[in-house]
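Student: Sending over a structure as structure tokens; questions will come in a sec.
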Amino acid sequence: ADADLPLGAEILVHDVPEWVNPYQHRVLVERAGKPLGLYLVGGEGLATRRSDRRHTLTLLDPLKLTVTYRLTKPVTVAAGVNVVDKVAELVGLTGETRLAVTPSTAVTLAPQVWMPGETTLKTVVNALLGSINYWGLHTNRLGEFVIAPYVLPADRPVVHEFIAGDGSKLLGEYDSERDFYTVPNRFIAVCDDYKPQGNDDADPVTLVGV
């Protein structure tokens, strides 16, 4: 998810409803009232500290659904099919309905087929999105599956300006010291085709001096 917590992170909670099941339910993590991400529950454990009974929940990106969903039959996409609509349809195979979609009129230019086995739904979806210059499938902080056009870095909005002021991420004063005096001064001399004096018939050698 597009959040500040690493995937696979664990959180401690005091109460876990009995209906929380791995890969079926989600947890909204917030900080100061702002969502950090809507995570898929990947597993649950129990941690007891004295009289304090707590549960640990492993958090996963909701995209995990499309990663683990392997094709059981061929997926065929004919030419002339709207790519964004087809991607939304394929994501729906996981039961996912939370989508943030930017529509497009782009269509497939030729028929495409993906065979079952090792191929995952994510492979199919990202291949289709890449063909129309869309981002690979990802989730936002609200846990929605994002289907959107790729934006060049120069065209993206400014997230933070590194300027002086109360909101600055840079320190007002900064000192850096390096002890260059302890670094040994060395010169390496290389001489190619060296021949000892008075022995012009000797084979030339290379000398290296430090």
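Student: How large is ³J(HN,Hα), in whole Hz, for each residue of region 137-151 in order, when computed from phi with the Karplus curve 6.51 cos²θ - 1.76 cosθ + 1.60 and θ = phi - 60°, using x for Gly and Pro?
Tutor: For region 137-151, the Karplus curve yields 4, 8, 10, 9, 5, 8, x, 7, 7, 9, 10, 8, x, 5, 10 Hz.
Student: What ranking of 28, 109 comes out by heavy-atom accessible area, probe 1.4 Å, highest first?
Tutor: Details: 28 85, 109 165 Å².
Solvent-accessible surface, decreasing: 109, 28.
Student: Can you pull the percent of region 82-210's accessible area that's carbon plus sulfur, 1.4 Å probe, other chains left in place?
Tutor: On the way: 5290 of 9780 Å².
For region 82-210, the apolar C and S fraction of the accessible surface comes to 54 percent.
Student: Output the pairs from 34/86; 34/64; 73/122 with a Cα-Cα distance over 21 Å in this structure; if there are none, say none.
Tutor: Check vs 21 Å cut-off fails for 34/86; 34/64.
Student: Separate question: Keeping every protein chain present and rolling a 1.4 Å probe, give me the accessible area per residue for region 113-159 in Å². Mind dumping the intermediate values first?
Tutor: Values: 2580 Å² over 47 residues.
Here the residues of region 113-159 average 55 Å² of exposed surface.
The values are calculated or read from the model by the stated rules, or taken from the named source; none is laboratory data. Model, not experiment: these values are computed from the prediction. Heads up: the accessible areas ignore ligands, DNA and RNA and are worked out on the full protein's heavy atoms, side chains in. Shrake-Rupley method; radii C 1.70, N 1.55, O 1.52, S 1.80 Å.
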